[in-house]
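Please read the structure below before turning to the comments.
No lab work stands behind these numbers, since they all come straight from the coordinates. Just so we're clear, the structure is a prediction, and the values are computed from it rather than from any experiment. Cβ atoms come from the backbone with ideal geometry, glycine included; neighbour counts cover every protein chain shown.
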Amino acid sequence: SSLVGVLYILDEPSIGLHQRDNSKLLKALRNLTDLGNTLLVVEHDEETMHAADYIIDMGPGAGVHGGNIVAAGPLDTILACEESITGQYLSGKKVIPVPEERRKPNDKWIEINGASENNLKDLDVRIPLGVFTCVTGVSGSGKSTLVNEILYKELSHRLHGSKHKSGEHKGIKGIEHIDKVINIDQSPIGRTPRSNPATYTGAFDIIREVFAATPEAKMKGYKNSRFSFNVKGGRCEACKGDGIIKIEMQFLPDVYVPCEVCKGKRYNRETLEVRYKGRNIYEVLDMTVEDALEFFKNIPRAQRKLQTLYDVGLGYIKLGQPSTELSGGEAQRIKLAYELSRRSTGKTVYILDEPTTGLHIADIHKLLRILDRLVETGNTVIVIEHNLDVIKRADYIIDLGPEGGDRGGTIIAQGTPEEICEIKASYTGQFLKKILDRDRN
């Protein structure tokens, strides 16, 4: 289009793009400004920030810790701002380090034979167990087909009896070394406002036990169920414990308004009279994870669940925040927190498809620490990713390509990041080499 004087707004246009495609995107965006248009881009991508004429950095943290303009101006202004976490990573004051030593694959592997779904060209693929593996390649090269359609669906069927039909392949060997497979995606943790971080991680069960054990609750004969908003007894019956009423607008989207009886507190007056350390159940659900950690410091079981939420960088979210208000990245990290709080068997395969979508560099740093913790207990992590900060931390890489669509679907390279960099035909290797050289120097 040769329109002039238009304001274009783009929300994370680099999502799902390989570095090679990203540079093409930036070129197209620059052409729009050269014509005399204005571009406003919401973005976490480092390359995009370097290409921008003006940056507005919001923060300093997330949730209750954010909402301020930390720095605004050209790139140099952001780099010079001490308070800007973005600036600290862009300037190199903070970095996601390259591991000094990579974990070496042991003698246990999963072998996929004859993978030929979609554009895959009858591939035989070996994936090491007990390490952190990245599946890379340009957009449309067959990564999701190989990992999600064939590997995940077949393992899910064989280990958990799921009815998903896996993609075309001849067979998979090595399943005897695994006891479960978990796909940690960015789908919501629940479909209704009843689902929240406390219910998903199991922290809410412990919180209800704590309230049921208070002298006041015992005196009134209240059990754990009294403090649930899902069953009759303690909840507000006007809104059935939702705290909001849905008004159906026939030809328009539904409208939600706060319940007039409980004023959005979900519980009836009698339940809210019971207090633990001066707070009622509604006030506890309204706490951030950070505050709740301090509040429940004498309850080790609750503390453990809350600590994992804090460790994955979600200290700012509220315990009772409805799942419908959580972003995809937040939902994914709540699932990771839940996995961390479970007792590990050391034989689990975790699959993540582009987990860095919508994440700031500081959040990616936290995510990588979590993935390392899963691998250190003997589990296998397989990640489909374009983000070079994640790829450089991998123990093993499988690079598909060379292009997308019909010209993709073959293995271009496999091995450690250093070995991938040596292969001229690998686009991932070409971009990765620059990052490894920069970080090592």
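Descriptive notes on the structure:
- Per residue Cα convex hull volume in Å³ - calculated over segment 7-91: 100 Å³
- For a label point 7 Å along the Cα-to-beta-carbon line of D122, residues of segment 147-180 with backbone N under 13 Å: 170
- Over the chain: helical MRE at 222 nm, DSSP H runs n ≥ 4 each giving -39500 (n - 2.57), nearest 500: -9000 deg cm²/dmol
- Placing pseudo-labels 7 Å out from each Cα toward the beta carbon at E283 and K263 gives an inter-label distance of 1.3 nm.
- Net charge in the neighbourhood of L293 (other residues with Cβ under 12 Å of its Cβ; Lys, Arg +1, Asp, Glu -1) is -1.
- For segment 7-91: relative contact order, % (alpha-carbon pairs under 8 angstrom, 6 or more apart): 22 percent
- Scalar couplings 3J(HN,Hα) for segment 355-363, obtained by applying the Karplus form with A = 6.51, B = -1.76, C = 1.60 to θ = phi - 60°, are x, 7, 3, x, 9, 6, 4, 5, 6 Hz; x denotes Gly and Pro.
- Length released on extending from N298 to D185, taking residue separation times 0.36 nm less the Cα-Cα span: 37.4 nm
- Linear extension gain, E100 paired with K163, 0.36 nm per residue minus alpha-carbon span: 18.4 nm
- Pairwise centroid distance, computed over Cα atoms, of segment 311-328 with segment 377-441, Å: 32 Å
- Applying 1/(1 + (r/R0)^6) with R0 = 25 Å to the Cβ-Cβ distance of R438 and K170 gives a FRET efficiency near 0.05.
- If R0 equals 25 Å, the separation of the Cβ atoms of L7 and N68 corresponds to a calculated FRET efficiency of about 0.55.
- Taking only alpha carbon atoms, segment 197-322 gives an Rg to Rh ratio of 1.01, where Rh is the Kirkwood radius.
- Working note: Karplus 6.51/-1.76/1.60 with θ = phi - 60° gives segment 294-299 the couplings 6, 5, 9, 5, 8, 10 Hz, where Gly and Pro are set to x.
- Potential extension, K240-E419 segment - 0.36 nm per residue separation minus Cα distance: 58.6 nm
- Across the chain, Cα pairs under 8 Å and at least six residues apart give a relative contact order of 19 percent.
- Cα convex hull volume per residue for segment 371-441 (Å³): 93 Å³
- Length-normalised contact order of segment 193-260 in % [C-alpha pairs under 8 Å, at least 6 apart]: 18 percent
- Selection from V289, T356, T324, by position along the positive dipole direction of segment 265-392 (Cβ): V289
- K27-S327 FRET efficiency (beta carbon distance; Förster radius 22 Å; 0.05 resolution): 0.15
- Degrees, to the nearest 10: 19-34 long Cα axis against longest axis of the chain: 80 degrees
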